[in-house]
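Okay, structure first, notes after.
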Amino acid sequence: QHDVRRFFCEAHRKQQDGSPVTPIEALAADWIALHPEYHADLADVDAALAAVYDVDSGRTNPFLHLSMHLTISEQVSIDQPRGIKQAYELLAAKRGSAHEAHHEVMECLGEMIWASQRSGLPPDGERYLDCVRRRATR
């Protein structure tokens, strides 16, 4: 958890001061730029490491949110699970926004992870893909 938070804080810092970034930091920085509401959370590493994001607080965990953006970006780039790239691209075209499509895919991804944790079974990639496809075709 701390490593993930440090990573995003560092990518944000580098973006802000124009320091060189790795390819994954550049991708993270692109997503960070689309979420100015998280900039304050990313500006202070110590505060980021100490922050608690629980359901009762009503706050979105910016590190989880940004991590899911990176996950979806990677899944689409390698088409894993097979078919996610086409489903995502259809959804993005239908919504007219890659960012909006990401947020919808994120809901499907979250549902898959939640179901897996609840059942104790491995994540169901087909169920996840079906969720994205349904969103892309409605």
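Among residues other than E89 whose Cβ falls under 12 Å from its Cβ, what is the net charge (Lys/Arg +1, Asp/Glu -1)? Numbers along the way, then the final one.
Values: positive: K85, K94, R95, R133; negative: D79.
In short, +3.
By what distance, in whole Å, do the Cα atoms of the chain stretch along each of the three principal axes, largest value first?
The Cα atoms of the chain stretch 41, 32, 23 Å along the principal axes, largest first.
Which one, C131, L42, S67, is farthest towards the positive end of the dipole of the chain when Lys and Arg carry +1 and Asp and Glu -1 on their Cβ?
Value: C131.
Near R59, within a Cβ-to-Cβ distance under 11 Å, what is the net charge of the other residues, with Lys and Arg +1 and Asp and Glu -1?
Here the charged neighbours net out to -4.
In whole Hz, what ³J(HN,Hα) sequence does segment 90-95 give by Karplus (6.51, -1.76, 1.60; θ = phi - 60°), x for Gly and Pro?
So the Karplus estimates, Gly and Pro as x, are 5, 5, 4, 5, 5, 7 Hz.
Arrange the peptides 72-81, 100-109 so that the one whose residues have, on average, the most other Cβ atoms within 10 Å appears first. Please report the intermediate quantities before stating the final value.
Numbers: 72-81: 15.6, 100-109: 18.9.
The peptides rank, most packed first, as 100-109, 72-81.
Tell me the relative contact order for the chain as a rounded percent, counting alpha carbon contacts under 8 Å between residues six or more apart. All intermediate terms of the calculation are to be shown ahead of the outcome.
On the way: 116 pairs, mean separation 25.7, N = 138.
Once divided by the residue count of the chain, the mean separation gives 19 percent.
Pick out, in residue order, every one of the trypsin sites (Lys or Arg not before Pro) in segment 1-94 that is DSSP loop and has at most 12 other C-beta atoms within 10 Å; say none if there are none. Provide the component values of the computation, followed by the final result.
Values: sites: R5, R6, R13, K14, R59, R82, K85, K94; in loops: R59, R82.
Counting only loop positions with at most 12 other Cβ atoms within 10 Å, the trypsin sites (Lys or Arg not before Pro) in segment 1-94 are R59, R82.
Compute the accessible area per residue over the chain, keeping the other protein chains in place, probe 1.4 Å, unit Å². Show your work: numbers first, answer last.
On the way: 8110 Å² over 138 residues.
Value returned for the chain: 59 Å² of accessible area per residue.
Quick one: what are the phi-derived ³J(HN,Hα) couplings along segment 31-41, Karplus 6.51/-1.76/1.60 with θ = phi - 60°, whole Hz, x for glycine and proline?
Along segment 31-41, the couplings run 5, 4, 4, 7, 10, x, 5, 9, 4, 5, 5 Hz.
When Lys and Arg each count +1 and Asp and Glu each count -1, what net charge do the other residues less than 12 Å away from E104, Cβ to Cβ, add up to? Present the calculation step by step, with values, prior to reporting the outcome.
Working: positive: K94, R95, R133, R134, R135, R138; negative: E100, E107, E111.
It works out to a net charge of +3.
Can you send over the carbon and sulfur percentage of the accessible area for the chain, probe radius 1.4 Å, protein chains only? Could the numbers behind the result be given before it?
On the way: 4360 of 8110 Å².
Ligands and nucleic acids excluded, carbon and sulfur reach 54 percent.
Relative to the Cα centre, what is the charge dipole magnitude of segment 45-138, using +1 at the beta carbon of each Lys and Arg, -1 at the beta carbon of each Asp and Glu, and rounding to the nearest 20 debye? Mind showing how you got there, number by number?
On the way: 11 positive and 13 negative charges, 86 e Å.
The dipole magnitude comes to about 420 debye.
The values are calculated or read from the model by the stated rules, or taken from the named source; none is laboratory data. Keep in mind that what you see is a predicted model, and the values were worked out from it rather than measured. Neighbour counts run over all protein chains shown; Cβ positions are idealised from the backbone, glycine included. For accessibility, only protein heavy atoms count, side chains too; no ligands or nucleic acids. Shrake-Rupley method; radii C 1.70, N 1.55, O 1.52, S 1.80 Å.
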